[in-house]
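J.: Quick one: this structure, given as structure tokens, is what I'll be asking you about.
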Amino acid sequence: PPGTMTLDLQRATTLSRVRLLNWDWTYRVNRYRLEASADGATWTDLAPDAQETDRQGWDDWAVAGDPVRYVRFTGLSGSANQCVVISELEVYGTPEPLPVLEVSKAAVNVRETGEGRFFVRLASAPTGNVTVAVARSGGGTNLTVTGGAVRVFKPATWDVWQAVTLSAAADAN
């Protein structure tokens, strides 16, 4: 039955095209609505002809405009049992670059069985939430991230420093 499917691109993306494969094993036609949104609340029509004319086989919609995060497909009608059947939905575009991560220190000294701390924040405001995973990339093998291994930066708090705690286990003798 007619319904809606929303694709979350996870971050702002400038779309270049959307391809959709309608059911084409037998002669069936669909009508649908294809929309995009930056915030999930305000939607822009990407393919007005898909609502007005019967569609079959591949539909290839060239799109351009502002970056979006969501693409929504809504089935309107189908020629067989009012079912709207699609086989593929492909979205092409370029994700907006993630903001640069600022780090409060270039190096952190951590004593054996001790802790060390540094802070991270974003250099500019993101368009949506940005999740950062912190992992050890150098130093002693006994060094672990014990606090702040995953940090989430939101558009309202992107410039607030967030702590990351490192711990060093006792050296093996």
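J.: Could you compute the FRET efficiency for L21 and N129, with r as their C-beta to C-beta distance and R0 at 41 Å, rounded to 0.05?
T.: On the way: r = 32 Å, r/R0 = 0.77.
Step by step, r from the Cβ atoms, then E = 0.80.
J.: Take every Cα-Cα distance within the chain, group them into 5 Å bins from 0 onward, and report for each bin the whole-number percent of pairs it holds.
T.: 1, 8, 14, 14, 10, 9, 8, 7, 7, 7, 6, 4, 3, 1, 0, 0
J.: Right, another one. Could you compute the longest span of the chain free of trypsin sites (Lys or Arg not before Pro) located in DSSP loops and having at most 13 other Cβ atoms within 10 Å, not counting the site residues?
T.: Details: sites that count: K105, R111, R136.
Result for the longest clean stretch: 1-104.
J.: Using a 1.4 Å probe on the protein heavy atoms, what percent of the accessible area of the stretch 16-64 belongs to carbon and sulfur?
T.: Numbers: 1310 of 2770 Å².
So the carbon and sulfur contribution to the accessible surface is 47 percent.
J.: Right, another one. Solvent-accessible area per residue for the stretch 5-101 at a 1.4 Å probe radius, Å²? Intermediate results must be reported in sequence, preceding the final value.
T.: On the way: 5480 Å² over 97 residues.
Accessible area per residue: 56 Å².
J.: Please give the Cα centre distance for the stretch 1-50 versus the stretch 130-145, rounded to the nearest Å.
T.: After rounding, the separation between the Cα centres reads 40 Å.
J.: To the nearest 0.05, how large is the calculated FRET efficiency for E115 and D171 if R₀ is 25 Å and r is the Cβ-Cβ distance?
T.: Result of the calculation: an efficiency of 0.95.
J.: Along the charge dipole of the stretch 28-173, Cβ charges K/R +1 and D/E -1, which of T131, P95, G65 sits furthest on the positive end?
T.: T131
J.: Would you mind telling me which residue in A80, A50, A163 has the biggest mean-square fluctuation in a Gaussian network model of the chain, where springs connect alpha carbons within a distance under 10 angstrom?
T.: Among A80, A50, A163, the largest mean-square fluctuation in the Gaussian network model of the chain belongs to A80.
J.: Calculate the FRET efficiency for L98 and Q162 from the Cβ-Cβ distance with a Förster distance of 25 Å, rounded to the nearest 0.05. Before the final figure, lay out the partial values.
T.: On the way: r = 16 Å, r/R0 = 0.63.
Efficiency at R0 = 25 Å is approximately 0.95.
The values are calculated or read from the model by the stated rules, or taken from the named source; none is laboratory data. All values derive from a computational prediction rather than experimental measurement. Heads up, the Cβs are rebuilt from the backbone with ideal geometry, glycines too, and the neighbour counts pull from every protein chain shown. For accessibility, only protein heavy atoms count, side chains too; no ligands or nucleic acids. Shrake-Rupley method; radii C 1.70, N 1.55, O 1.52, S 1.80 Å.
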